[in-house]
Amino acid sequence: MTIAHIPALEDLLRRDLDYICGNLKEEFGRMAGQRLLITGGAGFLGYYLVQAALHFNRTAAGRQPIHVTVWDNFIRGTPAWLTGLLGTPNLNVEQRDLIEPLPQPMPDFQWIIHAAGIASPPFYRKHPIKTIDANINGLRNLLDYSVSQANKGKPVGGFLFYSSSEIYGDPTPDWIPTPEHYRGLVSCTGPRACYDESKRFGETLCVVFNQQHAIPTKMARPFNNYGPGLKISDKRVISDFAREVIAARDIVMYSDGKPTRTFCYSADSITGYYKVLVKGHPGEPYNIGTEKPEISMNELAERIITVAGELFGYSGRLVRKPNPEANYLVDNPNRRCPNIDKSRLHLGYNPTISIEEGLRRAMIWYHHNPEAEEA
């Protein structure tokens, strides 16, 4: 491939972090001087969750810093971006497995983001029990901690549970775009059930702890996030396509490419998650994603081919092959598109980065991060 001028990784990150912090002045201002726990902080979502808070600390002149603690079991290794942050003021990184008892004594956290879990279909299908444990047992540990804090007169200010748009299953056409009050059409015994159903029960736990103990739980339902931090080895669709592009191979699709999705760039989605944490109504779920464009996997591949051609001179094409895993697409939703009216109204959430620009930034990031450890 002929490489055109590719922006430096530092320029890309600075642009995204400025964008996130610019949209979170009120939210980060309320968190300033307080302690934030991010579980699963070494993963895709942690990439900008962690770096955005630290960017606020560097750039918000005259404001007290947010004290960030990252917990992760590092089952997929310790990413270089996180290693590079070690020693940063107001950052503490610890190896913790959330399905084990919490350490004692526990620090006083005012904000908790529970992002620990397995979200990539090939990996949660391979590790279904670990998937359930993180979404249920790990969550319960943190909720019990929050109750103990409230009993000591030190209540948490906000508790965010990462749920999933997968809790909707495969909605009928009259429920697309899908609002939060749709109850879902989900298999409890299929190959995706370990993920889908544990996310659904995780939401139940959050609602019950809010009702019984006044814990300010909020649930975010991500809709197909992508961007910096999503490892090229992750095995979700955009990272799979990017892997082929970076290796100058044709993009291989193991389906007819007809299912449709909307895709939300990570700078927009991370902005939304912090808004849910701080402004979300306790005990309520929020869709975080973008309503348009809703595109097929075929269209997604063609857009990536176009972007990669402009950036790298990529000349590959889209080819199809039989899926080697017979059950991979069982219970795979035909359409996935959120209604985000509630997030706009309650949170002031307004994603603005287009799919064309988001894919361009994602491919630049993959150019600088062409390798990653497997699970």
Looking for something charged (D, E, K, R) and touching a helix residue (DSSP H, G or I) at 6+ places or on another chain (Cβ under 7 Å) - is there at least one such residue anywhere in the range 288-298? no
What is the number of the single condition among (1) in contact (Cβ under 8 Å) with a residue 12 or more places away in the chain; (2) out of contact with any strand residue (DSSP E or B) (no Cβ under 8 Å at 6 or more places or on another chain); (3) of a type in the set (A, V, I, L, M, F, W, C) that V208 does not meet? (1)
Can you tell me which residue in the range 186-208 is most open to solvent (accessible area, probe 1.4 Å), limited to those that are farther than 15 Å from P121 by Cα and among the charged types (D, E, K, R)? R200
Among Y145, Y124, Y162, which is aromatic (F, W, Y) and farther than 20 Å from G229 by Cβ? Y145
A53 meets each of (1) touching a helix residue (DSSP H, G or I) at 6+ places or on another chain (Cβ under 9 Å); (2) small (G, A, S); (3) farther than 30 Å from Y124 by Cβ with one exception, condition (3)
Can you say whether I112 is under 19 Å from K218 (Cα atoms), modelled with pLDDT under 95 and not in a loop (DSSP other than H, G, I, E, B), as far as the supplied structure shows? no
Which of the residues belonging to the range 55-68 are at pLDDT below 95 and open to solvent by less than 40 Å² (accessible area, probe 1.4 Å)? A60
Only one of (1) outside any helix (DSSP H, G or I); (2) closer than 22 Å to H367 by Cβ; (3) out of contact with any helix residue (DSSP H, G or I) (no Cβ under 6 Å at 6 or more places or on another chain) fails for I6. Which number is that? (3)
Boolean, I75 is more than 30 Å from A247 (Cα to Cα) and of a type in the set (V, I, T): no
Selected residue (criterion: nearest to L359 (Cα to Cα)) from residues of the range 19-41 that are open to solvent by 10 Å² or more (accessible area, probe 1.4 Å) and hydrophobic (A, V, I, L, M, F, W, C): C21
Take the residues in the range 300-324 that are charged (D, E, K, R) and touching a residue at least 40 places away in the same chain (Cβ under 8 Å); name whichever of them is surrounded by the most Cβ atoms within 10 Å (Cβ to Cβ). R303
Selection from the range 346-369 of residues out of contact with any Phe, Trp or Tyr (no Cβ under 9 Å at 6 or more places or on another chain) and within 14 Å of I238 (Cα to Cα) yields E356, R360, I364, W365, Y366
Per the filter on the range 251-278, residues out of contact with any Lys or Arg (no Cβ under 9 Å at 6 or more places or on another chain) and open to solvent by 30 Å² or more (accessible area, probe 1.4 Å) are K258
Test of understanding: among A214, A242, which residue is crowded, with 20+ Cβ neighbours inside 10 Å and more than 16 Å from the chain's Cα centre (by Cα)? A242
Would you point out which residue out of D11, D16 is at pLDDT 95 or above and open to solvent by 30 Å² or more (accessible area, probe 1.4 Å)? D11
Residue count, the range 132-182, condition open to solvent by 20 Å² or more (accessible area, probe 1.4 Å), at pLDDT below 95, not in a helix (DSSP H, G or I) and not β-branched (V, I, T), comes to 1
Please go through (1) closer than 22 Å to F109 by Cα; (2) in a loop (DSSP other than H, G, I, E, B); (3) among the aromatic types (F, W, Y) for F209 and return the number of the only condition it doesn't satisfy. (2)
Which of (1) at pLDDT below 95; (2) open to solvent by 10 Å² or more (accessible area, probe 1.4 Å) is the odd one out, the single condition S233 does not satisfy? (2)
The correct count of residues that are open to solvent by less than 60 Å² (accessible area, probe 1.4 Å), more than 23 Å from S198 (Cβ to Cβ) and polar (S, T, N, Q) in the range 69-91 is 3
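The values are calculated or read from the model by the stated rules, or taken from the named source; none is laboratory data. All values derive from a computational prediction rather than experimental measurement. Glycine gets a Cβ as well: all are built from the backbone with ideal geometry, and neighbour counts include every protein chain shown. Heavy atoms of the whole protein, side chains included, go into the accessibility calculation; ligands, DNA and RNA do not. Shrake-Rupley method; radii C 1.70, N 1.55, O 1.52, S 1.80 Å.
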